[in-house]
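Okay, so here's the structure we're looking at.
The values are calculated or read from the model by the stated rules, or taken from the named source; none is laboratory data. Bear in mind the structure is a predicted one, so any value in this text is a computation, not a measurement. A quick note on method: Cβ atoms are made from the backbone with ideal geometry, for glycine too, and the neighbour counts reach across all protein chains shown. Accessible surface areas use protein heavy atoms only, side chains included; no ligands, DNA or RNA. Shrake-Rupley method; radii C 1.70, N 1.55, O 1.52, S 1.80 Å.
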Amino acid sequence: MTTKSANNGTFNANFRPTFDDTKYKVEIFNNDKLVKTVEKSTTSQAVALEPGANKVVIRISDLTNEKNYTDYKFDITRTRSTTATLSVGGATIVPSERALISNPTYKGRSEGTFFRLENGELTKVAGISPTISDYKAFLYKDINSFDLNISPKDSWSIVRASIDDGESVNVEKGKPIKNIKFGDKNSVKIKIQICSNSKYYANKEAGKEDPFEAENTYTITVERLSVDKSELQITSADISSGQWCTPEFNKDIVTAAILIPKDCNSLDINFKVTNGATVYKDSKSDANLLNAEEDGNYKLTIDTSKITSSLTQRIVLYKVLEDGSEMITTYTFTIYKRGKLVGMPDKVVDYFCPGSQYSNMANFPIQ
């Protein structure tokens, strides 16, 4: 049998073998590879079909003598896909030294964002699209190498990549292009070529020496900036009441929690910032501009009298770089009041967060 239409990605044939599972077992093979062993009867079994020919064998064998078996054979041809594009969002960067960071932003986007290019010029539109061929992404200066994950719309497409116009090599399905190095340069160009599964095997059957024929080409330039997050930070901070729950302020962590007494109606955050930063409360606007005091410190007074559960305060640092690009770091402080019950603890002296989604998040106080 042949499937009626092509399908991008996984395509299953479902079988429901019925047998006496006290006497027999069932094994399912596809193209001579064992897919699964079935020990219970009437359970539906999905068999992933590869593009092209699939020889599915359902083998029922005697539990007391595995050499006593019967094979049921099914020849299934999965129609090959003609798709040869990246998927939406079909590329991601994984730095070698650390994870991507969301703060600071550069040109209004977080690190590793793919900006679309139009006639070689950077646009404000971000994200991989199957119909757009040219992109640029940025990493901060502490990154020396990275991996690039490529996701074609049809996972069975044949993908090739070259670095800085070097030799093109096949990209193994589901595997990243690993260890792309900047070296002594601050930009790397990766060319991605995609050939559909249908085209590749048609060329192969036609006897072409190299059946790969690029149907779509994408170019991704990754640039290493001359700045990093240290260019735009709150370097130190203290509070007039209560305590940090991180357990103390850390300039490298842009989210933090503050726990204040139940009778605290006003809280001052006193802080310093890196040179050249313009400071705002809440968001970047003229009305929210904060001015430094004579000693260079900043002071933000927050009304905490109406807190019922928590209050979120943001401090925005803004800087224009030499190339005219904007860089923004946003710190978010969540302020909590201790409960009003008699006998509540005065302070957090230590805390332990076992392995969970909250581990190392630094913003979940004990109240």
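For this structure, a couple of remarks:
- Close Cβ contacts (under 6 Å, 6 or more residues apart or on different chains) running from residues in region 220-232 that are of a type in the set (V, I, T) to residues that are open to solvent by less than 30 Å² (accessible area, probe 1.4 Å) comprise I220/Y135; I220/I190; V222/A137; V222/V188.
- Check on K281, surrounded by 15 or more Cβ atoms within 10 Å (Cβ to Cβ) and of a type outside the set (S, T, Y): yes
- Taking each residue of region 50-77 that is touching a residue at least 24 places away in the same chain (Cβ under 8 Å) and in a strand (DSSP E or B) and looking for partners that are surrounded by 15 or more Cβ atoms within 10 Å (Cβ to Cβ) and of a type in the set (D, E) with beta-carbon atoms closer than 8 Å, six or more apart or interchain, yields I58/E27; R59/E27; S61/E27.
- Filter result for the condition that a residue is in contact (Cβ under 8 Å) with a residue 24 or more places away in the chain and under 30 Å from P51 (Cα atoms), over I163, I180, I101, I143: I163
- Condition met for S87 (closer than 30 Å to K175 by Cα, in contact with a helix residue (DSSP H, G or I) (Cβ under 7 Å, 6 or more places away or on another chain) and either exposed (fewer than 11 other Cβ atoms within 10 Å of the Cβ) or in contact (Cβ under 8 Å) with a residue 40 or more places away in the chain (or both)): no
- Any hit, region 209-226, residues being out of contact with any Lys or Arg (no Cβ under 9 Å at 6 or more places or on another chain) and either of a type in the set (A, V, I, L, M, F, W, C) or part of a loop (DSSP other than H, G, I, E, B) (or both): yes
- Those residues of region 135-163 which are open to solvent by 60 Å² or more (accessible area, probe 1.4 Å), of a type in the set (D, E, K, R) and more than 19 Å from S198 (Cβ to Cβ), in sequence order: K141, D142
- Top-ranked residue in region 10-21 [being in contact (Cβ under 8 Å) with a residue 40 or more places away in the chain and farther than 16 Å from A53 by Cα; ranked as nearest to the chain's Cα centre (by Cα)]: F15
- Test: residue in region 124-135 that is in a strand (DSSP E or B), within 28 Å of P104 (Cα to Cα), aliphatic (A, V, I, L, M) and without any contact (Cβ under 8 Å) to a residue 60 or more places away in the chain: yes
- The residue that is modelled with the lowest pLDDT, counting only those in region 230-263 that are assigned to a loop (DSSP other than H, G, I, E, B), of a type in the set (G, A, S) and open to solvent by less than 50 Å² (accessible area, probe 1.4 Å), is G242.
- In region 25-49, residue modelled with the lowest pLDDT [restricted to those that are part of a loop (DSSP other than H, G, I, E, B) and exposed (fewer than 14 other Cβ atoms within 10 Å of the Cβ)]: T42
- Scoring P211 on the criteria (1) out of contact with any helix residue (DSSP H, G or I) (no Cβ under 7 Å at 6 or more places or on another chain); (2) surrounded by 14 or more Cβ atoms within 10 Å (Cβ to Cβ) leaves a single failure, condition (1).
- Cβ pairs under 6 Å, 6+ apart, first in region 290-305 and surrounded by 12 or more Cβ atoms within 10 Å (Cβ to Cβ), second modelled with pLDDT of 95 or more and β-branched (V, I, T): L290/V279; Y298/V279; L300/I269
- Residue within region 90-112 that is in a strand (DSSP E or B), in contact with a Lys or Arg (Cβ under 9 Å, 6 or more places away or on another chain) and open to solvent by less than 60 Å² (accessible area, probe 1.4 Å) present: yes
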